[in-house]
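Since the structure comes first, as structure tokens, the remarks are kept for the end.
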Amino acid sequence: FILCATLILVGCKPEMMNIEVYTSDIELAAEGEIFEVPVQVEFSLLGDDEDGTLDRVIAASKKYLSQESSFSRSKGMMGDRLVIDTKLPLGNAAALSDFLSKNNRLAYIEVSRDDDAKFVFIDKTNNLVSFHRELQSMNMLLGLDLPSAKTTIRVSSDSRKPVNVYATAVFVSKKPYLHFEKSLNRREAIELEFNGSEGSVYSEIYPTFAIQ
């Protein structure tokens, strides 16, 4: 899910994480339902993976991912590029606790509510720490970390009534906002981009937004 082979010299964060969530799923998740949300993760290997390290890491990661997860590799200018398509659970604290007691995942998307507002945030599980240690047992230069250098969350409205979306310290259409707010009608969507690069606020905390 978040992998660093021996040829990666700087950091263990993926370059990008893309997530799409629907407003009706968030609303139902706040009530206790659980959903598995599609997630795409991208990162690069600097140099050539001549000793097959990446294949070993992919094999080890599968027990922490949803069964239908897929991996695709391609050659870039500086080395190999890996894209992982997987799913993360979306739910409230109680539903996630039950789901994660039966399913291994490296991260999850939690929904909490405060009156009419629903707050959504990404967090890691204890499995992420376990996987990090497993990678380090293969090679001390291997590791994993969250959040990614950039997290893009597409919020799509399928609710009958307009839904307000709120986020802090976010980019929308490449424009920075300290406090972002937008009302979405049905079939409208917005992409929230959270910068997790070194020195940014989201390098230390996990991306979060709210709907109401």
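The values are calculated or read from the model by the stated rules, or taken from the named source; none is laboratory data. Remember, it's a predicted structure, so these values are computed and weren't measured experimentally. Every residue, glycine among them, receives a Cβ derived from its backbone with ideal geometry; neighbour counts consider all protein chains shown. For accessibility, only protein heavy atoms count, side chains too; no ligands or nucleic acids. Shrake-Rupley method; radii C 1.70, N 1.55, O 1.52, S 1.80 Å.
Figure note: Glu42, Glu188 ranked by solvent-accessible area, largest first, 1.4 Å probe, ligands and nucleic acids not counted: Glu188, Glu42. Please say if the range 77-176 is rounded, prolate or oblate, where rounded means a/c under 1.5 for a ≥ b ≥ c the square roots of the C-alpha gyration tensor eigenvalues, and otherwise the choice is prolate for a/b larger than b/c and oblate otherwise? Oblate shape, in that a/c is at least 1.5 and b/c is the bigger or equal ratio.
Between Ser183 and Glu15, the distance separating the two model label sites (each 7 Å from Cα on the Cα→Cβ line) works out to 3.9 nm. The accessible area of Phe71, taken with all protein chains in place and a 1.4 Å probe, comes to roughly 60 Å².
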